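The values are calculated or read from the model by the stated rules, or taken from the named source; none is laboratory data. Values in this document were obtained by computation on a predicted structure and should not be read as measured data. When we count neighbours, we look across all protein chains shown, and the Cβ atoms used for this are built from the backbone with ideal geometry, even at glycine. Each accessible area value is taken on the protein alone, full model and side chains, heavy atoms only, with ligands, DNA and RNA left out. Shrake-Rupley method; radii C 1.70, N 1.55, O 1.52, S 1.80 Å.
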Amino acid sequence: MRPFARHYDDLYSDKDYGSDISVLTTLHPQAGLCQQRLLEIGAGTGSHTIRLAPLVRELVSLEIDPEFAQVAREKAASCGNARVVTGSLETLDAEPFDGAVAFFNVLNYINSADLEGFLS
């Protein structure tokens, strides 16, 4: 495993993942989330994944980097309703979702020419 994937959580140990989830539950009340099938775009090492899973009916977390996805899978193994998928949005099966989230600057990785299509 590359050093960055292995040390990512140490590098961002001061990141307040819970704060991001609080913003989400402020924008979308938790009572409504519990019935949702949610897509998390850019799972990284799964730090948001393990906080989102208890709030939703089902969580599919997408991560393009296989090494990051493996770390996320290990973290999410205890979450019975979360599945980490490796690949890009284009490779994801056309499954219906009730909503999608992308935390921690994921949109910065989207080419500006592709951003409108990504958001739609």
Fill in: Placed amide H near Y12: partners under 5 Å, 5+ positions off or other chain
none
Practice prompt. Take the chain, connect every pair of alpha-carbon atoms lying under 10 Å apart with a spring to form a Gaussian network, then pick out the residue of G87, G44, G32 with the largest mean-square fluctuation.
Written response: G32
Worksheet item: Once amide H atoms are placed 1.01 Å from N in the peptide plane, what residues at a sequence separation of 5 or more from E40, or on another chain, have their amide H within under 5 Å of its amide H?
Response: V60, S61, L62, V101
Discussion item. Compute, for the range 46-112, the length of the dipole vector about the Cα centre, with Cβ point charges of +1 (Lys, Arg) and -1 (Asp, Glu) only. Units Debye, rounded to 20.
Written reply: 300 debye
Discussion item. Rounded, prolate or oblate, given the Cα gyration tensor of the range 26-120, with a/c below 1.5 counting as rounded?
Written reply: oblate
Worksheet item: How large is ³J(HN,Hα), in whole Hz, for each residue of the range 83-89 in order, when computed from phi with the Karplus curve 6.51 cos²θ - 1.76 cosθ + 1.60 and θ = phi - 60°, using x for Gly and Pro?
Response: 10, 9, 10, 9, x, 9, 4
Fill in: Simple Cβ-charge dipole of the chain, Lys/Arg +1 and Asp/Glu -1, about Cα centre, in debye nearest 20
340 debye
Worksheet item: How much accessible area per residue does the range 1-81 have, in Å², with a 1.4 Å probe?
Response: 52 Å²
Fill in: Counted charge near A72, where neighbours are those whose Cβ lies closer than 11 Å (Asp, Glu -1; Lys, Arg +1)
-3
Item to complete: Report, to the nearest whole %, how much of the accessible area of the chain belongs to carbon and sulfur atoms, 1.4 Å probe, protein only.
Response: 53 percent
Worksheet item: Taking square-rooted eigenvalues a ≥ b ≥ c of the alpha carbon gyration tensor, is the range 1-48 rounded, prolate or oblate, where a/c under 1.5 means rounded and, failing that, a/b exceeding b/c means prolate?
Response: oblate
Worksheet entry | Phi to ³J(HN,Hα) by Karplus 6.51 cos²θ - 1.76 cosθ + 1.60 over the range 40-50, Hz, x for Gly, Pro | 9, 9, x, 5, x, 8, x, 5, 6, 3, 5
